[in-house]
1. For region 143-201, what are the residues that are under 20 Å from the mean Cα position of the chain (by Cα), assigned to a helix (DSSP H, G or I) and among the acidic types (Asp, Glu)?
2. In region 112-132, how many residues are farther than 14 Å from residue 22 by Cβ and part of a loop (DSSP other than H, G, I, E, B)?
3. Find the residue count for region 206-230, including only residues that are surrounded by fewer than 21 Cβ atoms within 10 Å (Cβ to Cβ) and under 15 Å from the mean Cα position of the chain (by Cα).
4. Mind counting the residues in region 24-52 that are surrounded by 21 or more Cβ atoms within 10 Å (Cβ to Cβ) and either of a type in the set (Val, Ile, Thr) or at positive phi (or both)?
5. Six or more apart or on different chains, Cβ atoms under 8 Å: show the pairs whose first residue is in region 134-155 and farther than 25 Å from residue 174 by Cα and whose second is part of a strand (DSSP E or B) and of a type in the set (Phe, Trp, Tyr).
6. If a residue has to be within 17 Å of the chain's Cα centre (by Cα) and not aliphatic (A, V, I, L, M) to count, how many in region 20-37 make the cut?
7. Residue 116: touching a helix residue (DSSP H, G or I) at 6+ places or on another chain (Cβ under 9 Å), farther than 18 Å from residue 148 by Cβ and acidic (Asp, Glu), yes or no?
Amino acid sequence: MEIICMASSSAGNAYVIKNTKTTLLVECGLTFPTLRMRLLKNGIQRTDISAVVITHKHGDHARCASELSEATMIVASKETLDASGVQKNRWPLRSWESVIYETIKITAFELDHDCDGTFGYIFQDQESNQSILFINDTQYVKWNFKKYQFTYIMIECNHNTDMIINKTVTVRRVAKSHMSLEATKKTLATMDLTKTRAIYLMHLSDGSSDQERMINEIRKQTGRPTYACLKDGGTT
């Protein structure tokens, strides 16, 4: 499976997960023209997208969901679909419900963010048996994933706790609904990483994260290649 980061921050999130037959857009938190431009930059036509998968209703994750739904299936919780104005081509999932879309199985699971219907996802390639764990905006992860062996892990690592101490009340409040480096490390420590090829850190805060420190600490703890998804696309 191939992972492409097109945007990753509170300003907008968009990622592509694909195999030889199926291309999924995960998050669509950019304007439609910007998203289309980023897709083309990565050699992907708008019509190549098999389905769009969204974690929750916030604009930096679902900004152009309604426009995309005119021609593409949108997969998310009912709450997210309703709040994002998706009227057609909608596929609502419940927590721990799965759907096989072409050649990729999509399994949703509930996360604890500051809005209802926030999901994380497991993507499983039905041909190669590779799998990706995708966890974006959440305070923490309450599920035990030890029985799984993910090929790739895409996980939020929003801020360093010691960097928000002197920030404004608003910044500190927002940080509480996102995973800190410490929370990310704690979550990864519960997993079997034997078959994990790489870890991708997502949604790093512009002013409250130390990218180099995050990468180094996760790499040291897990022993796995670790990359940061960048604000304007690409990875370190």
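1. 182, the sole residue that qualifies.
2. Residues meeting the conditions: 8.
3. Quick first cut of region 206-230, residues surrounded by fewer than 21 Cβ atoms within 10 Å (Cβ to Cβ) only: 206-207, 210-213, 215-217, 219-225, 227, 230.
Restricting the remaining residues to those that are under 15 Å from the mean Cα position of the chain (by Cα) gives 227, 230.
Final tally of qualifying residues: 2.
4. Here the count works out to 4.
5. These pairs meet every condition: 152/200.
6. Restricting attention to region 20-37, the residues satisfying the condition of being within 17 Å of the chain's Cα centre (by Cα) are 23-30, 35.
Checking which are not aliphatic (A, V, I, L, M) leaves us with 23, 27-29.
Count: 4.
7. Numbers: touching a helix residue (DSSP H, G or I) at 6+ places or on another chain (Cβ under 9 Å): yes; farther than 18 Å from residue 148 by Cβ: yes; acidic (Asp, Glu): yes.
It is true that residue 116 is touching a helix residue (DSSP H, G or I) at 6+ places or on another chain (Cβ under 9 Å), farther than 18 Å from residue 148 by Cβ and acidic (Asp, Glu).
Conditions tested, residue by residue: (1) closer than 15 Å to residue 228 by Cβ; (2) aliphatic (A, V, I, L, M); (3) at pLDDT below 95.
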| residue | (1), (2), (3) |
| --- | --- |
| 159 | yes, no, no |
| 163 | no, yes, yes |
| 184 | yes, no, no |
| 192 | no, no, no |
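The values are calculated or read from the model by the stated rules, or taken from the named source; none is laboratory data. Bear in mind the structure is a predicted one, so any value in this text is a computation, not a measurement. Neighbour counts run over all protein chains shown; Cβ positions are idealised from the backbone, glycine included.
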